[in-house]
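Worksheet: the structure to be examined is printed underneath.
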Amino acid sequence: PIHNFEKYDPKIVERDWYEWWQQRGLFKPTPSGDKFTMLLPPPNVTGALHIGHALTLSIQDAIARWNRMHGRSVNWVPGTDHAGISLQSVVEKRIKRESGLTRHDLGRDAFIEKVWAWKRQYGDRIKHQTARIGASLNWSEEYFTMDPQHSQVVRDAFIRLYDDGLVYRATKM
């Protein structure tokens, strides 16, 4: 991107560079080179990113870029986590505040739709914050831990752990 400024404006320059990198697929794995895959520890969609996320993103971004510079095919996969009970709690509080209803009043399907609406709002904010940092993630593989495929993987894993006697179900820990 070419800009004619009297003074440097990072808001415009950095946004344009990130878009330029994305349009050219520079953060996607290349067809050649040893493979290097890394998952971004998925931030919870219960709010916004904080300084700890920025530190992790910066460190992982340096690792991803270093591997790219050494000819590796890097796939740094982004995602967000539904955070189970904490997401349920924030969505329930919003419903109660806005309509006076509980999740039981809404029913399971309507409540799950409210959770997905929350995810769309806050997941998009997290994605925007991550992009503003300049993280070189492969957004074409972005996931959410409540996606059907990922939920099934978790269920299958817990069933295997249960069948192998490694976890149990009881009223105590």
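The values are calculated or read from the model by the stated rules, or taken from the named source; none is laboratory data. In this text, all values refer to a predicted model and were calculated from it rather than measured experimentally. Cβ atoms come from the backbone with ideal geometry, glycine included; neighbour counts cover every protein chain shown. Calculation scope for accessible area: heavy atoms of the full protein, side chains included, ligands and nucleic acids excluded. Shrake-Rupley method; radii C 1.70, N 1.55, O 1.52, S 1.80 Å.
Some points to look at:
- Sub-8 Å Cβ pairs linking a first residue in region 106-129 that is free of Cβ contacts under 8 Å to residues at least 60 places away in the same chain to a second residue that is of a type in the set (Phe, Trp, Tyr) and surrounded by 14 or more Cβ atoms within 10 Å (Cβ to Cβ), at least 6 apart or interchain, are Lys127/Trp139, ordered by first then second residue.
- Restricting region 12-37 to residues that are in contact with a Ser or Thr (Cβ under 9 Å, 6 or more places away or on another chain) and in contact (Cβ under 8 Å) with a residue 60 or more places away in the chain, the residue that is most open to solvent (accessible area, probe 1.4 Å): Lys28
- Residue match in region 120-127 (condition: touching a strand residue (DSSP E or B) at 6+ places or on another chain (Cβ under 7 Å) and closer than 30 Å to Glu14 by Cα): yes
- Look at (1) closer than 23 Å to Asp124 by Cβ; (2) touching a strand residue (DSSP E or B) at 6+ places or on another chain (Cβ under 8 Å); (3) not in a strand (DSSP E or B) and you find that Gly47 fails only one, number (2).
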